[in-house]
Amino acid sequence: MGAGDSTDQHIIMTLRPVRSFSPFSPSWLSWLRFGSVSAPGGAIIRQVRLGRCSLILACVLPAASAQRYSGNSSAPASPEHRILLNKYCAGCHNQKLKTAGVSLDGMDPAKTGGHAGLWENVLRKVRSGQMPPPGLPRPDPPAAAAFSKFLETALDREGAANPNPGRTGAHRLNRAEYSNAIRDLLALDTQPGSLLPADDSGYGFDNIADLLSISPALLERYMSTARMVSRLAIGDMKMTPVELQFGSARGPRSDPVDGALPFGSRGGLSFRHYFPLDAEYVLRVNLDNNAETPSPHEFRFQAKAGLLTVGAGFLRESAKSEAEAPAAGRRSASGAPAPLGPPAELDLRLDGVSLKRFQAPQRGVPPEVRGVILAGPYNPSGRGETPSRARIFVCRPANPQAEDPCARRILSTLARRAFRRPVTAQDIDPLFAFYRTGRTSGDFDAGIENGLRAMLMSPDFLFRVETDPPKAGPGTVYRISDYELASRLSFFLWSSIPDDELLALADRGKLKDPAVLEAQVRRLLADPRASALISNFGSQWLYLRNLATAKPDPDAFPGFDEGLRQAFRQETEMFVASIFRENRSLLDLLDANYTFLNQRLAEHYGVPKVYGTHFRRVEMTNSNRSGLLGQGSVLTVTSNPNRTSVVLRGKWILENLLGAPPPPPPPDVPELKPHAKDGTQLTLRQQMEEHRTNAVCASCHARMDPIGFSLENFDGVGKWRAKDGGAPIDATGVLPDGTKFDGPSGLKNLLLNNYREDFVATATEKLMTYALGRGLEPYDKPALRSITKQAAAGNYRVESWIMAVVRSMPFQMRRSFEP
């Protein structure tokens, strides 16, 4: 993509009455119509009709181009910079050869306007030492640094003279945002986004507006989810009983992995469940007790509506009784079934209160909870007094005449939060019509449920849409409204809708005030909802989400299990959260002298004197283990199933920490050769060295492999080792510029001392992509460099880093649509 060019979807959405349709009809798909008409400038107008909601999408193709500038603000290039280009670059990048499709003939680094993409690429390649390639003449470091500084200044000067904040298209709420929005709108924390299809990802994140498409199948899922959410929030007295099954994630030991059961319990599980009504429920517990399969333990109980914790586990009341239990398994040495031991006591709990205790027989090893089935509601007695109902029913009609005014007040209050802006009669009238339909066939609460269901299907809730000012000409740069700024801020830091305080400031036009905005950033970061920044931004940046699908070979890594997988993720999430919560330096991500461990993980790392299943902060005296690069999560997701991967680990660091990803491998890459010509077994380093003798492979592997080799003391699941296959591990590395380092500690010192700015710049680019919900363009680079400089002035502390992003021109401004 050239400088200033981007594909842009201009999406206009309106909500207007369409009287003849009900989205709650079982045959709703028969009313789903797509109609396309032409529009000026090559646009395609597409209308999706959903009942009283008419969703109009105008997809403009080809997209608007970013503004191109003349570059008149640039200073003339000094002769030495032009000589450097001619001497070291023009031999390959000329009009005749056009190596990599680039020609510098006639190009002036002092005049970057219209060619920002090319010059930003030149700057990155020269500054990182990737160009000129290894083996060709290179400028000496002072000359290369001076040229890089000159080119950066020219690019930043051009960016300041001709600002371009870009534009983000309409942004559909992704699964995490949908769940959080429901939680904050309705006080209903049931993760309904998990019922939606997985979101597409781009640029490393799943909140990229251009990729969050919508389809008939997705609309159907939104409708069913909206129906479920509204029924749970209001309470549907006609709800049919259902059975839900919950499984236990256990390791080889009997410790509970979630930490939610009472201290000292074992072999159990706990889970959060939303009880929809005041009613009776049935709990059935299936055991793995090494005895003939008994009937499940079943218990019927009364529960109030709301979100409660259910637990089932065995009590360790008698060490003597447990010691008396036969330890040989199902059968004795003679082959006969092992004798029954003392009974174990199964404890069923609801929100920490014991409901029932059962005596469970045990034969061989102590029993464990295999799974729990929860069924209900039965014989409902009422809708209950839940946080959701308290949030929704801001009024209660005293008589039939008061119902309609109260319904409008309820819908208006909810719609203002859901739509994230002031609402008008045009917004409320369609919702009120749905209320009237529900009220006709049910009571007042049923009518509100129907109106709420329609609200959750509205494009104004499902999409974040920023509209250009009416008088803005094509390509005009303007400041977004306070309401749009409130949404950008809350979805950035909370992955959720703005709260009442943000909306109240937007009402008064105060949010754009720098002092007010900074105070709000601090408030949002201090709120527990800011954990979404870790679980969504941090987990995707660091590939933590890939940990769920990692499949280490049990033959190669017999010590790996589900308990260890969960411990890996919890360690890194708690570690990153501590960096953010404590406003520490970004550099501590690489070299903090502490982490978070439980006994299982401490034993895996070889850290002594850590006992129990709960995680606690532990000081790390081994510098090889400090920081992200010593954590099992990162080391596992960058390994192959049966061995480590020098390439994957090197690529992960280049791409995610240094912002210098290698190009995709060429087709038909040859496999590594495990043996020399004489049949001798080759070490992994020897195999990779043989692989690099291929000139096509050498250019990328010369940078990746040394980085990957420095982590070879960690096996495929992050356990320390001194040998690989009987041969001592060589963890030394040499970069193409001759820089040497040794082991994980040496790699971290290299990153902190030689590539500090690259690391912070890469982290900033990742954060900015996530904050804006779009891929970054060359015209964004000056803003990124400004953010990095502001972060450096604040010692790279997280708060100053995030504050610089929020203050930036791309975050607070937008470019109007340009046909």
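Electrostatic bookkeeping for Pro641 treats Lys and Arg as +1 and Asp and Glu as -1; over the other residues with beta carbon under 14 Å from its beta carbon, the sum is 0. Derived value for segment 631-730: Kirkwood hydrodynamic radius 14.2 Å. Basis is the mean of 1/r over every pair of different alpha-carbon atoms.
What's the local net charge at Asn593, with K and R +1, D and E -1, over the other residues with C-beta under 10 Å away? Mind dumping the intermediate values first?
On the way: positive: Arg625; negative: Asp588, Asp591, Glu619.
It works out to a net charge of -2.
Restricting the calculation to alpha carbons of segment 524-592 gives Rg and Dmax of 14.1, 47 angstrom. Accessible surface area normalised per residue over segment 365-488 is 41 Å², counting heavy atoms of protein chains with a 1.4 Å rolling probe. Each listed q (0.11, 0.16, 0.22 Å⁻¹) maps to a log10 I(q)/I(0) for segment 441-512 from the Debye sum over equal C-alpha point scatterers, namely -0.42, -0.75, -1.03.
For segment 126-185, the direction-averaged projected area of the alpha-carbon convex hull comes to 8.5 nm². Counting only heavy atoms of the protein chains and using a 1.4 Å probe, Asp591 has close to 60 Å² of accessible surface. The C-alpha atoms of segment 576-693 occupy a region whose extents along the principal axes are 52, 32, 21 Å, arranged from largest to smallest. Remark on segment 385-442: ratio of C-alpha radius of gyration to 2.2 N^0.38 Å is 1.14.
For segment 495-614, what ratio Rg/Rh do Cα atoms give with a Kirkwood hydrodynamic radius? Taking Rh as the inverse mean 1/r over Cα pairs, Rg/Rh reads 1.11.
In whole percents, the pair-distance distribution calculated for segment 579-646 from its alpha-carbon pairs, binned every 10 Å from zero, is 19, 46, 32, 3.
Where the accessible area of segment 493-603 is counted over protein heavy atoms with a 1.4 Å probe, how much of it, in %, is carbon and sulfur? Percent of accessible area from carbon and sulfur atoms in segment 493-603: 51. Rg and Dmax over the alpha-carbon atoms of segment 384-500 stand at 16.8, 55 Å.
Per-residue SASA remark: Ser481, around 50 Å² accessible (1.4 Å probe; ligands, DNA and RNA not included). Computing Rg and the Kirkwood Rh from the Cα coordinates of segment 727-819 gives a ratio, Rg/Rh, of 1.14. Calculated accessible area for segment 756-804 comes out at 31 Å² per residue, all protein chains present (probe 1.4 Å; ligands, DNA, RNA ignored).
Note on segment 88-227: Cα Rg divided by 2.2 N^0.38 Å, N the number of residues, gives 1.64. Summarising the overall dimensions of segment 476-554 from its C-alpha atoms, the Rg and Dmax are 16.7, 60 angstrom. Cross-linked pairs Lys87/Lys149; Lys238/Lys356; Lys238/Lys304; Lys748/Lys789; Lys651/Lys748: Cα-Cα separations exceed 20 Å for Lys238/Lys356; Lys748/Lys789. Its Kirkwood hydrodynamic radius, worked out from the mean inverse distance over all distinct Cα pairs, puts segment 724-767 at 12.1 Å.
The values are calculated or read from the model by the stated rules, or taken from the named source; none is laboratory data. Nothing here was measured: the structure is a model prediction, and the numbers come from that model. Cβ: placed from backbone, ideal geometry, glycine included. Neighbour counts: every protein chain shown. The accessibility values were calculated without ligands, DNA or RNA, using every heavy atom of the protein model including side chains. Shrake-Rupley method; radii C 1.70, N 1.55, O 1.52, S 1.80 Å.
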